[in-house]
Amino acid sequence: MKIGIMTFHNADNYGAVLQCYALQETLKKKYPNDEVYVIDYKCPEIVNGYIPRINFKRPWSILLYSKRKHKHEKFEQFRKKYFNLGSPDFSTYDIIYYGSDQIWNEHLTNRDLTYFGKNFTGKKIAYAASDGGEMNYDSEVCELLKSFSKISCREKSMTEKIQKCNLKVPIETVCDPVFLLSKEEWLNIAELPKEENYVLAYKISDNPNFDSEAEKLGKRLNKKVIQIVYVKSIQKFFYKRQKFAEGIKPEQFLGYFTKADFVFASSFHGTAFSIIFDKPFYILQIRKGSERITNLLSALNINDRYGLQVQDNKQQIQNYELYRQKAFDFLTSIIYS
């Protein structure tokens with residue numbers, strides 16, 4: 001049997017490639033006698049968003065081009081090393097898993113319905129699909145969802161929207177694929193940094209107070225701040241109390257989480273890896289797309305880790321193994337159905 005994974009594997013984003021790797025490795029264990037591939041489908045909107053380019057109308061882009069190119073090459077190396085890439089010819093697959101990541105966010109894909117199973121007639125499974133709160137479940141989308149054998153979403157709030165499509169299959173909520181691998185399995189591919197005694201800062205969603213709050217936290221804890229950035233922007237030069245880990249490999253990204261004494265983030269996968277590596281952490285409130293983070297924190301009963309400024313938190317992570325087991329049960333039910 002030939003199994004494919006449809007996701008944002010070619011996005012130069014740490015969360016995107018690591019969740020893809022985790023789902024691939026989990027399915028390989030679940031289907032030891034079958035072939036598991038990451039379908040090398042190239043959504044124009046996703047691919048074009050990450051190709052390094054020079055915009056001659058913006059002279060400063062010339063200065064950033066080499067950095068972006070170098071970062072892109074590191075992600076390409078990760079994909080070549082860890083992904084079992086398969087043909088984008090959908091007819092060659094028996095089963096396709098759609099997810100995780102925001103594959104159902106029409107603003108990110110320019111409403112590419114390929115991520116809803118269009119042009120594939122085999123067995124369709126949605127695993128931890130997310131829409132980032134940016135999808136119109138109209139009649140066309142609902143009709144495509146009716147062809148899925150199993151559907152699971154990453155956010156509980158999203159399942160409620162999909163239920164309006166009146167599907168015959170139940171819609172479940174499961175964890176992001178990164179939780180499917182253990183801490184030890186992630187350590188197997190992590191590259192540890194030389195630095196020690198630091199606060200790790202990582203943001204995706206913008207918050208104007210992020211850098212100043214990160215520096216306040218470092219001063220309060222008497223630790224240096226290391227911030228992971230894809231490309232160091234001009235604004236970063238005004239923050240002298242931070243070291244910027246710029247354009248690092250996904251393996252190094254994992255390594256920085258492994259050795260951090262505290263994590264300060266505004267990112268879903270920053271939250272996820274803080275939990276996986278059992279780090280004290282705090283998530284700075286963001287203005288848009290926050291349900292990805294708040295749903296995760298709520299599922300583990302640690303809502304006090306999220307707010308406008310760092311607070312002392314006393315809630316302990318609960319139901320972590322149950323949270324993971326629900327996902328394994330979902331995958332197992334597919335195999336034996």
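Would the stretch 69-77 turn up any residue that is in a helix (DSSP H, G or I) and farther than 29 Å from TYR127 by Cα?
So the first thing to find is which residues in the stretch 69-77 are in a helix (DSSP H, G or I), and the list is 69-77.
Imposing the further condition that a residue be farther than 29 Å from TYR127 by Cα reduces the set to 69-70.
Yes, that holds for at least one residue.
Exactly one of (1) in contact (Cβ under 8 Å) with a residue 12 or more places away in the chain; (2) not in a loop (DSSP other than H, G, I, E, B) is unmet by GLU184. Its number?
Failed condition: (1).
Since GLU291 meets every condition but one in (1) surrounded by 17 or more Cβ atoms within 10 Å (Cβ to Cβ); (2) touching a residue at least 24 places away in the same chain (Cβ under 8 Å); (3) touching a Lys or Arg at 6+ places or on another chain (Cβ under 6 Å); (4) over 20 Å from SER182 (Cβ atoms), which condition does it not meet?
Evaluating GLU291 over (1) surrounded by 17 or more Cβ atoms within 10 Å (Cβ to Cβ); (2) touching a residue at least 24 places away in the same chain (Cβ under 8 Å); (3) touching a Lys or Arg at 6+ places or on another chain (Cβ under 6 Å); (4) over 20 Å from SER182 (Cβ atoms) leaves (3) as the failure.
If you take the residues of the stretch 82-102 that are part of a loop (DSSP other than H, G, I, E, B) and out of contact with any Cys (no Cβ under 9 Å at 6 or more places or on another chain), which of them is surrounded by the most Cβ atoms within 10 Å (Cβ to Cβ)?
Looking only at the stretch 82-102, we keep the residues that are part of a loop (DSSP other than H, G, I, E, B), and these are 83-84, 87-89, 93-94, 99-102.
Filter again for out of contact with any Cys (no Cβ under 9 Å at 6 or more places or on another chain), leaving 84, 87-89, 93-94, 102.
Values: ASN84: 12, SER87: 14, PRO88: 13, ASP89: 10, TYR93: 22, ASP94: 12, GLN102: 27.
This residue is GLN102.
Out of all the residues in the stretch 111-146, which are free of Cβ contacts under 8 Å to residues at least 60 places away in the same chain, within 18 Å of SER91 (Cβ to Cβ) and either assigned to a loop (DSSP other than H, G, I, E, B) or among the aromatic types (Phe, Trp, Tyr) (or both)?
PHE116, GLY117, LYS118, ASN119, PHE120, THR121, GLY122
Evaluate the following for GLU25: is it surrounded by fewer than 17 Cβ atoms within 10 Å (Cβ to Cβ), within 20 Å of ALA190 (Cα to Cα) and either modelled with pLDDT of 95 or more or not assigned by TED's automatic domain parsing to the domain that holds GLU246 (or both)?
Details: surrounded by fewer than 17 Cβ atoms within 10 Å (Cβ to Cβ): no; within 20 Å of ALA190 (Cα to Cα): yes; either modelled with pLDDT of 95 or more or not assigned by TED's automatic domain parsing to the domain that holds GLU246 (or both): yes.
No: the conditions fail for GLU25.
Could you say whether any residue in the stretch 154-165 is under 16 Å from the mean Cα position of the chain (by Cα) and within 30 Å of PHE277 (Cβ to Cβ)? It would help to see each step written out before you state the result.
In the first step, residues of the stretch 154-165 are kept if they are under 16 Å from the mean Cα position of the chain (by Cα); the result is 154-155.
Next cut, within 30 Å of PHE277 (Cβ to Cβ) only: 154-155.
The answer is yes, given that some residue of the stretch 154-165 is under 16 Å from the mean Cα position of the chain (by Cα) and within 30 Å of PHE277 (Cβ to Cβ).
Do we find a residue being buried (at least 19 other Cβ atoms within 10 Å of the Cβ), within 22 Å of GLN252 (Cβ to Cβ), touching a Gly at 6+ places or on another chain (Cβ under 6 Å) and assigned by TED's automatic domain parsing to the domain that holds ALA245 anywhere in the stretch 184-191?
Pass one, the stretch 184-191, residues buried (at least 19 other Cβ atoms within 10 Å of the Cβ): 186, 190.
Those left that are additionally within 22 Å of GLN252 (Cβ to Cβ): 186, 190.
Restricting the remaining residues to those that are touching a Gly at 6+ places or on another chain (Cβ under 6 Å) gives 190.
Filter once more, keeping what is assigned by TED's automatic domain parsing to the domain that holds ALA245: 190.
Yes: one or more hits.
Could you please give the count of residues in the stretch 4-27 that are under 21 Å from GLN77 (Cβ atoms), in a helix (DSSP H, G or I) and out of contact with any helix residue (DSSP H, G or I) (no Cβ under 7 Å at 6 or more places or on another chain)?
As a first pass, look at the stretch 4-27 and keep what is under 21 Å from GLN77 (Cβ atoms): 5, 7-25.
Subsequent filtering for residues that are in a helix (DSSP H, G or I) retains 14-25.
Add one more test, that the residue is out of contact with any helix residue (DSSP H, G or I) (no Cβ under 7 Å at 6 or more places or on another chain), and what stays is 16, 20, 24-25.
Within the stretch 4-27, residues that are under 21 Å from GLN77 (Cβ atoms), in a helix (DSSP H, G or I) and out of contact with any helix residue (DSSP H, G or I) (no Cβ under 7 Å at 6 or more places or on another chain) number 4.
Output the residues belonging to the stretch 147-170 that are charged (D, E, K, R) and either in contact (Cβ under 8 Å) with a residue 60 or more places away in the chain or surrounded by fewer than 14 Cβ atoms within 10 Å (Cβ to Cβ) (or both). It would help to see each step written out before you state the result.
Step one: list which residues in the stretch 147-170 are charged (D, E, K, R), which gives 150, 154-156, 160-161, 164, 168.
The answer is LYS150, ARG154, GLU155, LYS156, GLU160, LYS164, LYS168.
The values are calculated or read from the model by the stated rules, or taken from the named source; none is laboratory data. Just so it is clear, the model here is predicted, and its values are computed rather than measured. Reconstructed Cβ throughout: ideal geometry from the backbone, glycine too, with neighbour counts over all protein chains shown.
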